[in-house]
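The values are calculated or read from the model by the stated rules, or taken from the named source; none is laboratory data. Keep in mind that this is a model prediction, so the values were computed, not measured. Please note: Cβ atoms are built from the backbone with ideal geometry, for glycine as well, and neighbour counts cover all protein chains shown. Ligands, DNA and RNA are stripped out before the accessible areas are found, and what is left, the full protein with its side chains, is counted by its heavy atoms. Shrake-Rupley method; radii C 1.70, N 1.55, O 1.52, S 1.80 Å.
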Amino acid sequence: GENVEQHPSTLSVQEGDSAVIKCTYSDSASNYFPWYKQELGKRPQLIIDIRSNVGEKKDQRIAVTLNKTAKHFSLHITETQPEDSAVYFCAASRGAAGNKLTFGGGTRVLVKP
Amino acid sequence: EAGVAQSPRYKIIEKRQSVAFWCNPISGHATLYWYQQILGQGPKLLIQFQNNGVVDDSQLPKDRFSAERLKGVDSTLKIQPAKLEDSAVYLCASSLGLLHSGELFFGEGSRLTVL
(Lines give C-alpha, C1' and ligand atoms only; values in the text may rest on other atoms or scores of the structure.)
Protein backbone atom coordinates (compact mmCIF):
# COMPACT_ATOMS: atom_id res chain seq x y z
CA GLY A 1 0.00 0.00 0.00
CA GLU A 2 0.87 3.68 -0.11
CA ASN A 3 3.30 5.09 2.44
CA VAL A 4 3.65 8.85 2.97
CA GLU A 5 6.57 10.30 4.90
CA GLN A 6 6.45 13.92 6.09
CA HIS A 7 9.27 16.17 7.33
CA PRO A 8 9.93 17.96 9.55
CA SER A 9 7.68 16.86 12.41
CA THR A 10 7.93 20.30 13.99
CA LEU A 11 8.78 23.66 12.49
CA SER A 12 9.23 26.97 14.29
CA VAL A 13 9.44 30.15 12.21
CA GLN A 14 9.45 33.85 12.86
CA GLU A 15 6.40 35.76 11.73
CA GLY A 16 6.93 36.95 8.16
CA ASP A 17 9.37 34.18 7.27
CA SER A 18 8.61 31.26 4.96
CA ALA A 19 7.83 27.69 5.96
CA VAL A 20 8.42 24.59 3.84
CA ILE A 21 7.08 21.10 4.54
CA LYS A 22 8.17 18.12 2.45
CA CYS A 23 6.50 14.79 1.78
CA THR A 24 7.53 11.68 -0.08
CA TYR A 25 5.25 8.91 -1.26
CA SER A 26 5.88 5.35 -2.32
CA ASP A 27 3.13 4.46 -4.80
CA SER A 28 4.04 5.71 -8.27
CA ALA A 29 0.37 5.37 -9.27
CA SER A 30 -0.70 8.06 -6.79
CA ASN A 31 -2.04 11.06 -8.63
CA TYR A 32 -3.82 13.28 -6.09
CA PHE A 33 -1.99 15.15 -3.32
CA PRO A 34 -3.95 17.31 -0.88
CA TRP A 35 -2.77 19.26 2.15
CA TYR A 36 -4.91 19.58 5.27
CA LYS A 37 -4.55 22.03 8.15
CA GLN A 38 -5.65 21.04 11.64
CA GLU A 39 -5.80 23.68 14.34
CA LEU A 40 -5.61 22.54 17.95
CA GLY A 41 -8.72 20.58 18.89
CA LYS A 42 -10.39 21.19 15.54
CA ARG A 43 -11.16 19.19 12.44
CA PRO A 44 -8.70 18.90 9.51
CA GLN A 45 -9.54 21.22 6.65
CA LEU A 46 -8.31 21.16 3.06
CA ILE A 47 -6.10 24.14 2.22
CA ILE A 48 -4.74 23.20 -1.20
CA ASP A 49 -4.41 20.17 -3.45
CA ILE A 50 -2.56 19.23 -6.61
CA ARG A 51 -3.02 16.56 -9.23
CA SER A 52 -0.28 14.70 -11.03
CA ASN A 53 -0.72 16.54 -14.32
CA VAL A 54 0.34 19.80 -12.67
CA GLY A 55 3.79 20.63 -11.30
CA GLU A 56 2.89 23.63 -9.15
CA LYS A 57 -0.19 25.34 -7.77
CA LYS A 58 -0.50 28.56 -5.83
CA ASP A 59 -3.24 30.12 -3.73
CA GLN A 60 -2.33 33.46 -2.16
CA ARG A 61 0.39 32.76 0.43
CA ILE A 62 0.46 29.00 -0.01
CA ALA A 63 1.87 26.95 -2.87
CA VAL A 64 2.42 23.27 -3.52
CA THR A 65 5.01 21.74 -5.84
CA LEU A 66 5.07 18.17 -7.11
CA ASN A 67 7.97 16.16 -8.51
CA LYS A 68 6.52 12.90 -9.81
CA THR A 69 9.88 11.51 -10.87
CA ALA A 70 11.28 11.84 -7.37
CA LYS A 71 7.90 11.08 -5.77
CA HIS A 72 7.89 14.06 -3.50
CA PHE A 73 5.75 17.14 -3.01
CA SER A 74 6.10 20.20 -0.83
CA LEU A 75 3.99 22.88 0.82
CA HIS A 76 5.33 26.43 0.88
CA ILE A 77 3.84 29.12 3.11
CA THR A 78 5.17 32.63 2.58
CA GLU A 79 4.87 35.65 4.88
CA THR A 80 3.78 33.45 7.77
CA GLN A 81 1.31 34.83 10.29
CA PRO A 82 0.39 33.65 13.81
CA GLU A 83 -2.85 32.15 12.47
CA ASP A 84 -0.76 29.79 10.33
CA SER A 85 0.21 27.98 13.55
CA ALA A 86 -1.34 24.50 13.26
CA VAL A 87 -0.57 20.92 12.30
CA TYR A 88 -0.30 20.35 8.56
CA PHE A 89 -0.87 16.96 6.94
CA CYS A 90 0.05 15.90 3.43
CA ALA A 91 -1.74 13.00 1.80
CA ALA A 92 -1.73 10.94 -1.37
CA SER A 93 -4.14 8.72 -3.24
CA ARG A 94 -4.47 6.98 -6.57
CA GLY A 95 -7.42 6.69 -8.84
CA ALA A 96 -10.40 8.91 -8.10
CA ALA A 97 -9.52 11.94 -5.99
CA GLY A 98 -10.06 11.35 -2.30
CA ASN A 99 -10.14 7.61 -2.74
CA LYS A 100 -8.25 5.83 0.03
CA LEU A 101 -6.22 8.84 1.10
CA THR A 102 -3.03 8.00 2.97
CA PHE A 103 -1.88 10.76 5.31
CA GLY A 104 1.61 11.70 6.42
CA GLY A 105 2.47 11.96 10.09
CA GLY A 106 1.95 15.72 10.28
CA THR A 107 4.09 18.82 10.83
CA ARG A 108 3.44 21.07 13.79
CA VAL A 109 4.11 24.65 12.68
CA LEU A 110 4.60 27.38 15.25
CA VAL A 111 4.78 30.97 14.03
CA LYS A 112 6.42 33.20 16.60
CA PRO A 113 5.31 36.85 16.65
CA GLU B 1 -24.75 24.22 4.91
CA ALA B 2 -24.55 21.88 7.89
CA GLY B 3 -21.25 20.11 8.34
CA VAL B 4 -20.46 16.51 9.24
CA ALA B 5 -22.01 15.68 12.61
CA GLN B 6 -20.50 13.18 15.01
CA SER B 7 -21.44 11.92 18.43
CA PRO B 8 -20.47 11.47 21.13
CA ARG B 9 -17.63 13.99 21.23
CA TYR B 10 -15.94 12.24 24.15
CA LYS B 11 -16.14 8.73 25.53
CA ILE B 12 -14.21 7.04 28.33
CA ILE B 13 -14.52 3.28 28.73
CA GLU B 14 -12.65 0.43 30.33
CA LYS B 15 -10.80 -2.10 28.22
CA ARG B 16 -12.95 -4.96 26.96
CA GLN B 17 -16.04 -2.75 26.98
CA SER B 18 -17.84 -1.76 23.80
CA VAL B 19 -18.46 1.65 22.26
CA ALA B 20 -20.32 3.01 19.24
CA PHE B 21 -19.83 6.22 17.31
CA TRP B 22 -22.34 7.85 15.03
CA CYS B 23 -21.80 10.03 11.97
CA ASN B 24 -24.19 12.06 9.83
CA PRO B 25 -22.46 13.27 6.65
CA ILE B 26 -23.16 16.39 4.64
CA SER B 27 -26.42 16.02 2.74
CA GLY B 28 -25.86 14.62 -0.73
CA HIS B 29 -22.38 13.30 -0.05
CA ALA B 30 -22.13 9.79 -1.42
CA THR B 31 -18.78 8.85 0.07
CA LEU B 32 -18.23 8.44 3.80
CA TYR B 33 -14.97 7.66 5.59
CA TRP B 34 -13.97 6.67 9.09
CA TYR B 35 -10.43 7.61 10.13
CA GLN B 36 -8.54 6.82 13.32
CA GLN B 37 -6.19 9.55 14.54
CA ILE B 38 -3.86 8.53 17.34
CA LEU B 39 -2.33 11.44 19.25
CA GLY B 40 0.60 12.92 17.32
CA GLN B 41 -0.08 10.96 14.13
CA GLY B 42 -1.88 11.50 10.87
CA PRO B 43 -5.37 10.14 10.28
CA LYS B 44 -5.46 6.48 9.24
CA LEU B 45 -8.30 5.25 7.04
CA LEU B 46 -10.36 2.51 8.66
CA ILE B 47 -13.20 2.16 6.18
CA GLN B 48 -14.63 3.95 3.15
CA PHE B 49 -18.24 3.69 1.95
CA GLN B 50 -19.68 4.67 -1.41
CA ASN B 51 -23.41 5.07 -0.71
CA ASN B 52 -24.10 1.97 1.40
CA GLY B 53 -21.38 -0.22 -0.09
CA VAL B 54 -17.88 -0.72 1.27
CA VAL B 55 -15.11 0.57 -1.02
CA ASP B 56 -12.20 -0.27 1.25
CA ASP B 57 -11.90 -1.78 4.72
CA SER B 58 -8.44 -3.26 4.40
CA GLN B 59 -7.15 -1.47 7.52
CA LEU B 60 -10.18 -2.13 9.71
CA PRO B 61 -9.37 -4.59 12.54
CA LYS B 62 -12.37 -6.74 11.79
CA ASP B 63 -12.00 -8.91 14.87
CA ARG B 64 -13.11 -5.94 17.00
CA PHE B 65 -14.23 -3.11 14.73
CA SER B 66 -17.36 -3.00 12.63
CA ALA B 67 -19.05 -0.26 10.65
CA GLU B 68 -22.24 0.09 8.72
CA ARG B 69 -24.05 2.60 6.57
CA LEU B 70 -27.36 0.88 6.06
CA LYS B 71 -29.37 3.49 4.14
CA GLY B 72 -26.45 5.23 2.48
CA VAL B 73 -26.61 8.22 4.83
CA ASP B 74 -25.73 7.88 8.54
CA SER B 75 -23.02 5.54 9.67
CA THR B 76 -22.00 3.87 12.90
CA LEU B 77 -18.59 2.57 13.92
CA LYS B 78 -18.45 0.02 16.73
CA ILE B 79 -15.56 -1.31 18.76
CA GLN B 80 -16.06 -4.48 20.77
CA PRO B 81 -14.10 -5.32 22.85
CA ALA B 82 -11.95 -2.18 23.17
CA LYS B 83 -8.21 -2.32 23.81
CA LEU B 84 -5.93 0.31 25.32
CA GLU B 85 -4.40 1.00 21.90
CA ASP B 86 -7.81 2.00 20.54
CA SER B 87 -7.51 5.30 22.43
CA ALA B 88 -7.70 7.86 19.62
CA VAL B 89 -9.91 10.40 17.91
CA TYR B 90 -12.29 8.79 15.44
CA LEU B 91 -12.92 11.16 12.56
CA CYS B 92 -15.78 10.80 10.17
CA ALA B 93 -15.51 12.53 6.81
CA SER B 94 -17.65 12.78 3.71
CA SER B 95 -17.20 13.84 0.11
CA LEU B 96 -19.40 14.29 -2.91
CA GLY B 97 -18.15 11.10 -4.47
CA LEU B 98 -15.25 9.46 -6.17
CA LEU B 99 -15.79 11.27 -9.47
CA HIS B 100 -15.94 14.75 -7.93
CA SER B 101 -13.49 17.04 -6.17
CA GLY B 102 -11.38 15.10 -3.76
CA GLU B 103 -12.06 17.39 -0.80
CA LEU B 104 -12.96 15.55 2.38
CA PHE B 105 -15.13 17.35 4.91
CA PHE B 106 -14.33 16.15 8.42
CA GLY B 107 -16.46 16.11 11.52
CA GLU B 108 -15.21 17.34 14.90
CA GLY B 109 -14.30 13.78 15.85
CA SER B 110 -15.11 11.45 18.72
CA ARG B 111 -12.33 11.19 21.27
CA LEU B 112 -12.09 7.74 22.85
CA THR B 113 -10.10 7.01 25.97
CA VAL B 114 -9.73 3.36 26.94
CA LEU B 115 -8.61 2.77 30.54
Checklist outcome for this item: One finds the C-alpha centres of segment B:1-80 and segment A:12-32 to be spaced, in Å, by 28
Checklist outcome for this item: The value for segment B:20-115 (convex hull of the alpha-carbon atoms, volume per residue, Å³) is 94
Checklist entry - Ordered by residue, what ³J(HN,Hα) values in Hz, to whole numbers, does segment A:50-58 give under the Karplus form 6.51 cos²θ - 1.76 cosθ + 1.60, where θ = phi - 60° and Gly and Pro are x? => result 9, 10, 5, 8, 10, x, 8, 9, 10
Item to check | Buried area at the A-B interface (accessible, heavy atoms, 1.4 Å probe, summed, Å²) | outcome: 1600
Next on the checklist: Given bins 10 angstrom wide, list per bin the percent of all Cα-Cα distances in segment B:65-115, short to long.
Outcome noted: 21, 44, 28, 8, 0
Checklist entry - How big is the protein assembly as shown in terms of Cα radius of gyration and Dmax, in angstroms? => result 17.5, 50
Checklist entry - In sequence order, what are the phi-derived ³J(HN,Hα) couplings for segment A:9-26 according to the Karplus relation 6.51 cos²θ - 1.76 cosθ + 1.60 with θ = phi - 60°, rounded to whole Hz, with x for glycine and proline? => result 7, 9, 8, 10, 10, 7, 3, x, 7, 9, 10, 10, 10, 10, 9, 10, 10, 9
Checklist outcome for this item: Per the Cα gyration tensor, chain A corresponds to an equivalent ellipsoid with semi-axes, largest first in Å, of 23, 14, 12
Checklist outcome for this item: For segment B:10-109, the percent of accessible surface on carbon and sulfur atoms (probe 1.4 angstrom, ligands and nucleic acids excluded) is 51
Checklist outcome for this item: Computed from every Cα-Cα pair in segment A:58-99, P(r) in 5 Å bins starting at 0 and rounded to whole percents is 5, 16, 22, 25, 17, 10, 4, 0
Item to check | Amide hydrogen neighbours beyond the local backbone of A:L110, cut-off 5 Å, H modeled | outcome: A:L11, A:S12, A:V13
Next on the checklist: With every atom except the alpha carbons ignored, what do you get for Rg and Dmax of segment B:7-71, in angstroms?
Outcome noted: 12.8, 37
Item to check | Peptide B:43-49 - average C-beta neighbours from other chains (10 Å radius) | outcome: 3
Item to check | segment B:1-50: relative contact order as a whole-number percent, Cα under 8 Å and 6+ apart | outcome: 30
Checklist entry - Of the peptides B:18-26, B:86-94, how do they stack up when ordered by the mean number of other Cβ atoms within 10 Å, highest first? => result B:86-94, B:18-26
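What ranking do B:106-114, B:74-82 get when scored by the average of other Cβ atoms within 10 Å per residue, highest first?
Taking the mean over residues of other Cβ atoms within 10 Å, the ranking is B:106-114, B:74-82.
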